[in-house]
Amino acid sequence: MTMTPEQAHWFQGTFSRLVDNVDQALMGKREVVGLVLAAMLAEGHVLLEDAPGTGKTSLAKALAATVQGTSSRIQFTPDLLPSDVTGVTIYDQAAHRFEFHKGPVFASIVLADEINRASPKTQSALLEVMEESRVTVDGTAHEAGRPFLVIATQNPIEQAGTYKLPEAQLDRFLIKTSIGYPDLAVAERILAGASDRNPSAHLSALITTAAVADMADLAATVHVEPAVLRFTAQLAEATRGDASVRLGVSVRGAIAMIRIAKVWAAAQGRNYVTPDDVKALAGPVWTHRLVLDPEAEFSGTTAETVIGRTLAAVAAPQARAAA
């Protein structure tokens, strides 16, 4: 069943109120908040590549407070073990049975801070839960629940002592974005409230986690024309054929685009996806999935460059609106 225009109007209003609420803590970053919220409603995950002190933890806390969910923060370090992330099974001598003690990954919003500082073995502890929203320990599956959002961060400047995320793990992040520094006017507002160390604590919960799951289910019913599906597939294929690219957008990347484009369309009050939605999201959804040829990268080509010329080369269809 396709989302109705009335449902799309309700979705737009609710989405806007959620973004406004989170932005009270983050200040001046509505676009980033909207992208992260859209990723959560598309049941994907977010990679933030940002310098320290730009509000990554505040974003996770504010989002969790807004949706009446729980939040946890995992500081990734070289000595962190997979069980420190997922949890561990411990034998209860009194009850004579093994009990699973959940790790910090069991929360509505999980902040994986400086994920590239942990070993590949520990990074891989997130692969299953990010893909299937469950953790399997000793052969037993434990559901993470809904909503479930991993916000992973990495510092783009200091790379000493870090482990680069493998392509398979990067592909599991729905979007990659950055918060960035605030402009001067917003910075002054932040400094004026510097005595408040936890602005997220003052936020009111606007929606329950159950209602967030319902919004995600509703967004999945947004209509996508076959022409838009073909356009998305053509764009993904074009990145794979680019001379500067060693690894282009995967099928998972194309699926991710459709999932978040549905949410994005609903957030604009529409019950159908347009080619412009795909174009607007191409950067956040696809740049981190591209692996460039070293010579092209050395000559100054970037993933953004490839996405830009791909969008210019592939003609967008004239998609008709859903009834």
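The values are calculated or read from the model by the stated rules, or taken from the named source; none is laboratory data. Remember, predicted model here, so these are calculated numbers, not experimental data. All Cβ positions, even for glycine, are placed from backbone atoms using ideal geometry, and neighbour counts span all protein chains on display. Remember, those area values only see protein heavy atoms, side chains included, never the ligands or the DNA or RNA. Shrake-Rupley method; radii C 1.70, N 1.55, O 1.52, S 1.80 Å.
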**Asked** For the range 49-137, what size does the Cα cloud have along each of its three principal axes, sorted from largest down, in whole Å?
**Response** 48, 32, 23
**Prompt:** For the range 162-265, which whole-number percentage of the solvent-accessible area (1.4 Å probe, protein heavy atoms only) is attributable to carbon and sulfur atoms?
**Reply:** 56 percent
**Request:** Check cross-link reach from K176 to the lysines: straight Cα distance under 26 Å, and skip same-chain residues fewer than eight apart.
**Result:** K29, K56, K61, K121, K164, K262, K279
**Request:** Taking only the C-alpha atoms, wrap a convex hull around the range 220-323 and report its volume per residue in Å³ as a whole number.
**Result:** 85 Å³
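Leaving out ligands, DNA and RNA, and with a 1.4 Å probe, what % of the accessible surface on the range 1-74 is carbon or sulfur?
50 percent
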**Request:** Please pull out the direction-averaged projected area of the range 95-153, using the convex hull of its alpha-carbon atoms, in nm² to one decimal place.
**Result:** 4.8 nm²
**Global size of the range 127-185 as Cα Rg and Dmax, reported in angstrom** = 15.7, 53
**the range 153-307: radius of gyration over Cα atoms, expressed as a fraction of 2.2 N^0.38 Å** = 1.28
**Complete:** Among the Cα-Cα pairs of the range 124-229, the proportion with separation greater than 21 Å, in percent, is 65 percent
**Message:** Which order do the peptides 73-85, 188-200, 213-225, 143-155 come out in when sorted by mean C-beta neighbours inside 10 angstrom, highest first?
**Reply:** 143-155, 213-225, 73-85, 188-200
**Message:** Output needed for the chain: three equivalent-ellipsoid semi-axes, defined as square roots of 5 times the C-alpha gyration tensor eigenvalues, in descending order, whole Å.
**Reply:** 31, 25, 22
**Message:** Return the Rg/Rh ratio of the range 1-53 with Cα-based radii and a Kirkwood Rh.
**Reply:** 1.06
**Asked** Any idea what the alpha-carbon Rg over 2.2 N^0.38 Å comes to for the range 76-188?
**Response** 1.26
**Request:** Take every Cα pair under 8 Å in the chain that's 6+ residues apart, average their separations, divide by the length, and report that relative contact order as a whole percent.
**Result:** 24 percent
**Residues of the range 1-94: accessible area per residue with a 1.4 Å probe, Å²** = 44 Å²
**Item:** Translational diffusion coefficient (Stokes-Einstein; Kirkwood radius from C-alpha pairs) of the range 25-87 at 10 °C, 1.306 mPa s, in µm²/s
**Value:** 119 µm²/s
**Message:** Counting only Cα atoms, I'd like the Rg/Rh figure for the range 1-151, Kirkwood definition for Rh.
**Reply:** 1.04
**Prompt:** Among the DSSP beta bridges whose two residues both lie in the chain, what percent are antiparallel, rounded to the nearest 5?
**Reply:** 40 percent
**Request:** Work through the residues other than G34 whose Cβ is under 11 Å from its Cβ and net out their charges, Lys, Arg +1 and Asp, Glu -1.
**Result:** -1
**Complete:** Ordering 233-243, 113-123 by per-residue average of other C-beta atoms within 10 angstrom, highest first, gives 113-123, 233-243
